[in-house]
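The values are calculated or read from the model by the stated rules, or taken from the named source; none is laboratory data. Given the structure is predicted, the values throughout are model-derived calculations rather than measurements. Don't worry about glycine lacking a Cβ; one is built from the backbone with ideal geometry, like all the others, and counts go over all protein chains shown.
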């Protein structure tokens with residue numbers, strides 16, 4: 001369907017809507033949803049494991065999402081579910097570049113989470129923000145590469161262990177994260193949060 005919904009530009013909008021066949025509209029909607037899910041599945045198939053915050057905040061799955069800019073929110077939710085199903089944290093890290101920054105060496109990490117998984121602790125630590133189930137931050141490419149889990153081990157010495165009852169993640173350096181103690185503050189972000197520059201290194 002190709003309908004102009006601005007009544008100023010299309011005075012006959014209501015007549016057009018009344019002439020629509022409901023079954024046809026439903027079929028078109030189902031077809032569109034199926035096509036979008038196919039695109040999401042293709043990206044999900046390329047997911048990989050990362051160590052959040054150098055391992056201090058556990059492990060989850062991530063995907064590169066430059067090719068699906070309009071589906072990132074739903075992609076992130078499904079990625080979080082896939083992550084939890086693989087006994088990782090129920091968080092999905094959707095990774096993409098921000099054209100407005102004109103710097104391909106800076107990535108935006110958009111975190112989406114399930115239920116009581118709080119993402120704000122991670123995002124705020126890196127100069128970003130958001131709310132419990134949706135937050136984001138910027139990270140340099142070479143830093144994010146260190147978060148990736150590789151086949152023959154990690155890029156660093158972090159090791160993962162999970163205690164399901166306390167929801168606590170432990171690394172080899174004994175850094176601990178508890179999801180029921182994280183700070184829930186942060187700017188509300190959805191799919192249109194403003195890009196924020198990466199935090200400057202300490203002198």
Which numbered condition residue 21 fails, given (1) farther than 22 Å from residue 107 by Cα; (2) surrounded by 10 or more Cβ atoms within 10 Å (Cβ to Cβ); (3) free of Cβ contacts under 8 Å to residues at least 12 places away in the same chain: (2)
Residue that is nearest to residue 91 (Cα to Cα), among those in the range 107-125 that are surrounded by fewer than 18 Cβ atoms within 10 Å (Cβ to Cβ) and either within 12 Å of the chain's Cα centre (by Cα) or touching a residue at least 40 places away in the same chain (Cβ under 8 Å) (or both): 114
Residue satisfying condition, being surrounded by 12 or more Cβ atoms within 10 Å (Cβ to Cβ) and modelled with pLDDT of 85 or more, within set 56, 80: 80
Selected residue (criterion: farthest from the chain's Cα centre (by Cα)) from residues of the range 41-77 that are in a loop (DSSP other than H, G, I, E, B) and farther than 19 Å from residue 99 by Cβ: 56
